[in-house]
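Asks: Shown below is the structure under consideration.
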Amino acid sequence: MSEEIICKISNIVKEFPGTTALDHVSFDIKKGEVHAIVGENGAGKSTLMNILSGVYPPTEGTVSFMGKECHFANPNEAERAGIAMIHQELSLATSMTAAENVYMNRMPVNKLGIIDYRKMNADCKDLLKKFGVEYISPKTIVRNLSVSEQQLLEIGKAMSHNAKMLIMDEPTSSLTDREVKFLLSIVCQLRQDGVSVLYISHKLEEILTIADTITVLRDGHHISTEPAKDMTEHKMVSMMVGREFESAHRRDFIKDYSNLKPVLSVRNMYNMSGKVNNVSFDLYPGEVLGLTGLVGAGRSETLQCIFGANKRKCGNIQINGQDVKIENCDDAIKHGIGMIPEGRKIQGLFLKMNIKENMLVVYQRCAAKGGILKKKALKGLAEEAKKELNVKTPSIEAPITSLSGGNQQKTIVARWLMNSPKILFMDEPTHGIDIGAKNEIYKIIDDLTKKGVSIILISSEMPEVLSLCDRIIFMHHGYERGELLNTEASQEKLMSFTLDSAMTEDERKEREAKNVV
Ligand SMILES: Nc1ncnc2c1ncn2[C@@H]1O[C@H](COP(=O)(O)OP(=O)(O)OP(=O)(O)O)[C@@H](O)[C@H]1O
Ligand SMILES: [Mg+2]
């Protein structure tokens with residue numbers, strides 16, 4: 001890293017209706033440094049990055065890049081100047097192929113001016129290989145990729161611009177540990193090549209391992225910019241929240257299962273696409289059951305399959321010992337199951353509705369059958385949820401799109417809690433959520449289990465799995481490969497079990513032959 005300044009942010013103000021998202025923010029970014037930006041949900045991180053990358057202009061203030069004051073009219077101009085951004089919300093065109101997405105607006109053409117698909121696909125293949133995702137074919141329609149695969153593709157796309165400054169807005173939020181490590185190695189490589197990386201993440205451990213410099217924002221104000229070596233996690237959190245911070249207590253884990261009867265039993269479940277392959281397990285009252293595995297292990301599909309959101313080929317589901325028929329999500333909801341899905345934009349939010357409507361969607365659908373709901377009572381419920389989860393907005397009638405990423409996620413969590421489910425599936429529920437709100441959600445999970453609610457949790461954050469789950473099941477290629485009780489689990493054990501469960505088919509057969517599995 002040199003001392004040369006590549007980007008100077010001076011007195012940036014950004015006003016949105018009813019909100020000052022940034023209030024006279026100034027700091028510098030050096031050439032070839034990894035500069036992390038941290039702050040609570042709604043602190044103004046994405047807004048600042050959107051200004052740097054030409055998504056919209058600041059209300060006041062200036063940005064200079066490589067010695068020149070810049071006024072980008074759109075992201076393409078910023079890209080041409082050498083600033084590329086990976087957005088917090090996936091912004092790929094889902095009905096186009098991977099290659100078309102990477103080379104959008106700059107597809108190679110032949111002498112006749114016709115798009116040269118062969119070259120484009122070959123270039124894309126090289127690029128994906130460079131970023132370790134060669135298993136994604138350039139011709140795959142993006143819709144058919146999982147959320148994390150889409151995220152990796154988005155990273156490849158941004159890298160392909162040969163940017164001088166790369167902005168990553170929560171690039172690792174839906175990646176597993178192994179993929180995160182890989183991404184961080186790419187970031188280090190970029191730093192060696194003299195690229196500046198602006199890195200936003202709520203995973204503070206990750207920030208401390210990767211960043212050279214850390215900037216803290218709070219409520220749109222610049223709080224500090226200092227070398228990472230002078231920071232600790234505790235200091236960062238205190239600056240972010242503006243007070244001393246207490247982390248959540250640990251749960252009392254279930255120690256004795258002998259007298260418990262399962263609330264939910266799944267037997268020999270397969271889905272149509274082959275991603276769920278003979279899954280069988282039980283879930284007990286008041287239990288938090290963790291599903292772990294690498295991306296593509298079939299964890300999300302398993303939950304979707306039980307919930308009726310993913311077509312089941314066969315399999316048996318029992319609730320409290322009784323066979324039940326769940327053909328679709330409505331059936332699942334009727335049986336008291338709730339689901340906080342992965343990837344809020346794709347599966348969770350209704351972008352044309354406001355915050356209140358997004359919160360009330362399921363509640364209204366269920367309650368409407370029972371009687372007339374008073375508008376005022378509904379509004380009261382939504383206000384209460386806003387308060388409980390600390391959703392940062394001037395009004396619950398504001399568009400959902402005006403919320404910061406983390407606050408959108410809190411809205412979805414609120415939606416399902418409102419419906420008082422007996423069984424709750426949570427797929428990466430703290431994805432993009434700041435440390436304060438994460439603790440709120442951990443507390444809610446603990447409270448729910450004390451009331452007898454059973455939870456299945458998918459999380460790629462090992463510490464989260466360890467601090468929440470009574471029992472952990474490891475999945476690979478759509479089937480369970482083993483389980484651990486919390487009392488026997490540790491971070492190292494989880495990691496080695498996960499990798500172990502991901503061994504190749506040949507390795508597995510070989511081990512089975514030796515009878516060691
Ligand atoms: N288009 C918009 N219209 C109105 N308000 C907005 C808009 N975009 C952002 N805001 C508001 O500006 C503030 C800062 O939001 P921003 O998205 O920058 O937060 P963030 O730090 O990225 O948070 P997170 O960690 O949740 O992603 C929030 O209060 C948000 O509600
Ligand atoms: Mg953001």
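Asks: Among Leu166, Ser420, Gln364, flag the residue with its Cα farthest along the positive direction of the charge dipole of the chain, charges on Cβ as +1 for Lys/Arg and -1 for Asp/Glu.
Replies: Farthest along the dipole direction, towards plus: Gln364.
Asks: Right, another one. For segment 1-56, run through the trypsin sites (Lys or Arg not before Pro) and keep only the ones in DSSP coil with at most 11 other Cβ atoms within 10 Å of their Cβ.
Replies: none
Asks: Out of residues 5 or more away from Ile458 or on other chains, whose amide H comes under 5 Å of its own, with H placed 1.01 Å from N in the peptide plane?
Replies: Answer set, sorted by chain and number: Leu291, Met426, Asp427, Glu428.
Asks: Kirkwood Rh over Cα pairs of the chain into Stokes-Einstein at 10 °C, 1.306 mPa s: D in µm²/s? Write out the running numbers ahead of the final one.
Replies: Numbers: Rh = 24.4 Å.
Estimated diffusion coefficient is 65 µm²/s.
Asks: Do any trypsin sites (Lys or Arg not before Pro) in segment 207-269 lie in a loop, going by DSSP, with at most 15 other beta-carbon atoms within 10 Å of their beta carbon, and if so which? Let's see the in-between values first.
Replies: Numbers: sites: Arg218, Lys229, Lys235, Arg243, Arg250, Arg251, Lys255, Arg267; in loops: Arg243, Arg250, Arg251, Lys255.
Here the sparse-neighbourhood loop sites are Arg243, Arg250, Lys255.
Asks: In debye to the nearest 20, how big a dipole does the chain give about its Cα centre with +1 on each Lys and Arg Cβ and -1 on each Asp and Glu Cβ? Mind dumping the intermediate values first?
Replies: On the way: 65 positive and 67 negative charges, 328 e Å.
The dipole of the chain has a size of about 1580 debye.
Asks: HN-Hα J couplings of segment 423-437 from phi, Karplus 6.51/-1.76/1.60, θ = phi - 60°, integer Hz, Gly and Pro as x?
Replies: Once θ is set to phi - 60°, the couplings for segment 423-437 become 10, 10, 9, 10, 9, 6, x, 9, 3, x, 9, 6, 4, x, 5 Hz.
Asks: If you don't mind, there's one more thing I want to ask. Using helices alone, I'd like the mean residue ellipticity at 222 nm for the chain: each DSSP H run of four-plus residues gives -39500 (n - 2.57), total over residue count, nearest 500.
Replies: Working: 17 runs with 179 residues, N = 517.
Roughly -10500 deg cm²/dmol at 222 nm, from the helical runs in the chain.
Asks: Under the rule of at least 5 residues apart or a separate chain, name every residue whose amide H is placed under 5 Å from the amide H of His202.
Replies: So His202 has HN proximity to no qualifying residue.
Asks: I would also like to ask the following. Filter the chymotrypsin sites (Phe, Trp or Tyr not before Pro) in segment 96-184 down to the DSSP loop ones having no more than 11 other Cβ atoms within 10 Å, then list what survives. Working shown, then result.
Replies: On the way: sites: Tyr103, Tyr117, Phe131, Tyr135, Phe182; in loops: Tyr103, Phe131, Tyr135.
Taking segment 96-184 and a limit of 11 other Cβ atoms within 10 Å, the loop chymotrypsin sites (Phe, Trp or Tyr not before Pro) found are Tyr135.
Asks: Still on this structure, please answer the following. Out of Ser137, Ala43, Leu190, whose Cα points farthest toward the positive end of the dipole of segment 5-241 (charges: +1 Lys, Arg; -1 Asp, Glu; placed on Cβ)?
Replies: Result: Ser137, furthest along the dipole toward the positive end.
Asks: Nearest 20 debye, what's the magnitude of the dipole of segment 268-365 about its Cα centre given +1 on Lys and Arg Cβ and -1 on Asp and Glu Cβ?
Replies: That gives a dipole near 400 debye.
Asks: Treat every Asp and Glu Cβ in segment 5-241 as -1 and every Lys and Arg Cβ as +1, leave all other atoms uncharged, and give the resulting dipole magnitude about the Cα centre to the nearest 20 debye. Before the final figure, lay out the partial values.
Replies: On the way: 25 positive and 29 negative charges, 180 e Å.
Once rounded to the nearest 20, the dipole reads 860 debye.
Asks: Sort 189-198, 281-290 by the packing proxy (mean of other Cβ within 10 Å over each peptide's residues), most packed first. Walk me through the numbers before you get to the answer.
Replies: Details: 189-198: 17.6, 281-290: 20.5.
Taking the mean over residues of other Cβ atoms within 10 Å, the ranking is 281-290, 189-198.
Asks: While we're here: Tell me, what ³J(HN,Hα) does each residue in segment 479-494 have, in order and in whole Hz, if you take phi through Karplus 6.51 cos²θ - 1.76 cosθ + 1.60 with θ = phi - 60° and put x for Gly and Pro?
Replies: 9, 7, 10, x, 9, 9, 7, 3, 4, 9, 8, 8, 4, 5, 4, 4
Asks: Also: For Thr176, what residues show an amide H to amide H distance below 5 Å, using hydrogens built from the backbone and excluding near sequence neighbours?
Replies: Val295
Asks: I would also like to ask the following. Take the cross-link list Lys119/Lys157; Lys203/Lys229; Lys376/Lys438; Lys45/Lys203; Lys379/Lys450; Lys181/Lys410 and give me the ones stretching past 24 Å between alpha-carbons. Mind dumping the intermediate values first?
Replies: Numbers: Lys119/Lys157 16 Å; Lys203/Lys229 17 Å; Lys376/Lys438 29 Å; Lys45/Lys203 14 Å; Lys379/Lys450 28 Å; Lys181/Lys410 27 Å.
The pairs that break the limit, which is 24 Å between Cα atoms, are Lys376/Lys438; Lys379/Lys450; Lys181/Lys410.
Asks: Another one. With θ set to phi - 60° and the Karplus curve 6.51 cos²θ - 1.76 cosθ + 1.60, what are the ³J(HN,Hα) couplings of segment 99-106 in order, to the nearest whole Hz, using x for Gly and Pro?
Replies: 5, 4, 5, 5, 9, 4, 6, 8
No lab work stands behind these numbers, since they all come straight from the coordinates. Values in this document were obtained by computation on a predicted structure and should not be read as measured data. We place every Cβ from the backbone using ideal geometry, glycine too, and count neighbours over all the protein chains shown.
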